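Reading through the structure tokens given below for one structure.
The values are calculated or read from the model by the stated rules, or taken from the named source; none is laboratory data. For clarity, every value in this text was computed on a predicted model and none was experimentally measured. Neighbour counts are summed over all protein chains in view; Cβ atoms, including those assigned to glycine, are modelled from backbone coordinates with ideal geometry. Just the protein is used for accessible areas: all its heavy atoms, side chains included, with ligands, DNA and RNA removed. Shrake-Rupley method; radii C 1.70, N 1.55, O 1.52, S 1.80 Å.
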Amino acid sequence: MNIAYFSNQFASASGHGIAHYAHRLYEGLIECSSFNIIPVATGSDRTLENRQKLQEDTNLKLLPWGRKVIPLSWMMLNAPPIEYWLKENIDITHIVSLGFPVATRKKLVVTVHDIGPLTHPEYFTNSKPRLFKLSFEHMVRYADAIICVSQATADEVVGYAGVHLSKRIHVIHEGVDANYFSQEPLDPYKELQHMPPRGIPFMLTAGAMSPRKNIKRVLEAFLKVQDSIPHHLVLVGGTGWDCDEASNMLKNPTVAQKVHHLGYVSDNQLQALYKYADFYLHASLFEGFGLTVLEAMAAGCPVITSNISSLPEIAGDAALFLDPRSIQEIAAAMKSLATDAQLRCGQSERGLTHVKAFQWASTAQKVAAVYQEVGS
């Protein structure tokens, strides 16, 4: 079967989030199945050289009308179908994430990472909820199969749709890159600026500085315990929207002494930080999946995370949980792991055991089974 694998993120310069999912799933499908996977995007922000290499390596097809005209045409006319531009006889169109309606006359599979712009708009103010809602409605109407990356996301999809979707939904978890288990990490002290002094223990938090990632409460909690623990706090991730309060806190001299905001880091650098950190704190207010929790576990890093959204499902019994809205609970969890090496060791061992269930090969095999079911 020929699969039109639609993902603008697949062609983007970013390597994180949905782009990471799109590439790892593509690689897994190529390895585990005989399907002809044809990546498709409306455009790319990569450099010419990188874009050409990606096209050579994956047969990526960039549609001729561009990123503005095609979505508008699909939204207004539900035409022309995506397969119109492809020379192969397409059997299934797979939309790898929601964003805007994608026209197709073929069997349709859609992956849903989360529907936060619809269910938690307070965390997604800078998104385009109207387009997202049209994409969601298009999926409900036309999709033959809906892949949700967590049961929490599946429950939200069913609840928001208000129609019977359960028979079309498949919960398929994401995987963790194999190199987190085996690759020798870089030395973050050589790779990155603004690290704590070598020899000072640190805790790690990763994610864009936006309301959903809850960085302001994390900083307030750290201020409560910083004098009673030896640890510094390392933050990685770019600045998101509505981050002025957290950014201003980082300028406070009291905070700046022990808090190190490294900004954007590469995947290899993040892996190194997991390896060197005493523990990882992910106090997010909403997640469709929460891959960084598993990445930390795969690197042997003990994890503290939120007791809401998809995070208990993904972390299982291998993390310490807290109410992310409680500064007091965040502070207590920080202090608990910072002052108890035996607890950290136990959390690390449980995490390494738990994360073995999340393999990209398994994810790809399950997606391939969905293709087979839809195409038969």
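Of note:
- Carbon and sulfur %, accessible surface of the stretch 1-109 computed with the full protein complex present, 1.4 Å: 50 percent
- Among the trypsin sites (Lys or Arg not before Pro) found in the stretch 147-235, those both in a DSSP coil and sparsely packed, with 16 or fewer other Cβ atoms within 10 Å of their Cβ, are Arg198.
- Estimated at the nearest 10 Å², the accessible area of Thr339 is 90 Å² with a 1.4 Å probe.
- For the stretch 356-373, 3J(HN,Hα) computed residue by residue from phi via the Karplus equation (6.51, -1.76, 1.60; θ = phi - 60°) reads 4, 6, 10, 10, 5, 4, 5, 4, 5, 4, 5, 5, 4, 5, 5, 4, 4, 5 Hz, glycine and proline entered as x.
- For Lys258, the aspartates and glutamates whose Cα comes closer than 12 Å to its Cα, not counting residues fewer than 8 places off in the same chain, are Asp227.
- Interchain or long-range residues, amide H under 5 Å from His232's placed H: Phe202, Met203
- Of the chymotrypsin sites (Phe, Trp or Tyr not before Pro) in the stretch 278-336, those whose Cβ has at most 10 other Cβ within 10 Å and which sit in DSSP loop: none
- Taking all protein chains together and rolling a 1.4 Å probe, Trp65 ends up with roughly 120 Å² accessible.
- The simple spin-label model puts a point 7 Å past each Cα toward its Cβ; for Trp65 and Ala332 those points are separated by 5.7 nm.
- Calculated [222 nm] ellipticity per residue, helices only, for the chain: -12500 deg cm²/dmol; basis is -39500 (n - 2.57) per DSSP H run with n ≥ 4, divided by all residues, nearest 500.
- Efficiency of FRET between Ile200 and Glu88 - r from beta-carbon atoms, R0 45 angstrom, step 0.05: 0.20
- Computed 3J(HN,Hα) for the stretch 75-80, one whole-Hz value per residue from the Karplus formula 6.51 cos²θ - 1.76 cosθ + 1.60 where θ = phi - 60°, is 5, 8, 10, 6, 6, x, glycine and proline marked x.
- Distance between the 7 Å Cα→Cβ label points at Val163 and His20: 3.4 nm.
- When Asp187, Asp45 are compared by accessible area of protein heavy atoms, the largest-first order is Asp45, Asp187, using a 1.4 Å probe.
- Each Lys or Arg adds one and each Asp or Glu subtracts one; over the other residues with Cβ under 12 Å from the Cβ of Leu273, this totals -4.
- Nonlocal amide H pairs with His170, under 5 Å, H built at 1.01 Å: Ile146, Ile147, Cys148
- Coupling constants for the stretch 180-187 follow from the phi torsions by the Karplus curve (6.51 cos²θ - 1.76 cosθ + 1.60, θ = phi - 60°), and in residue order they are 5, 8, 10, 5, 5, x, 5, 8 Hz; glycine and proline get x.
- Database remark: amide H of Lys107 closer than 5 angstrom to the amide H of Thr93 (H placed geometrically; neighbours at sequence offset of 5 or more, or on other chains; Pro and chain starts carry no H).
- Other residues with beta-carbon under 13 Å from the beta-carbon of Ser284 carry, at +1 per Lys or Arg and -1 per Asp or Glu, a net charge of +2.
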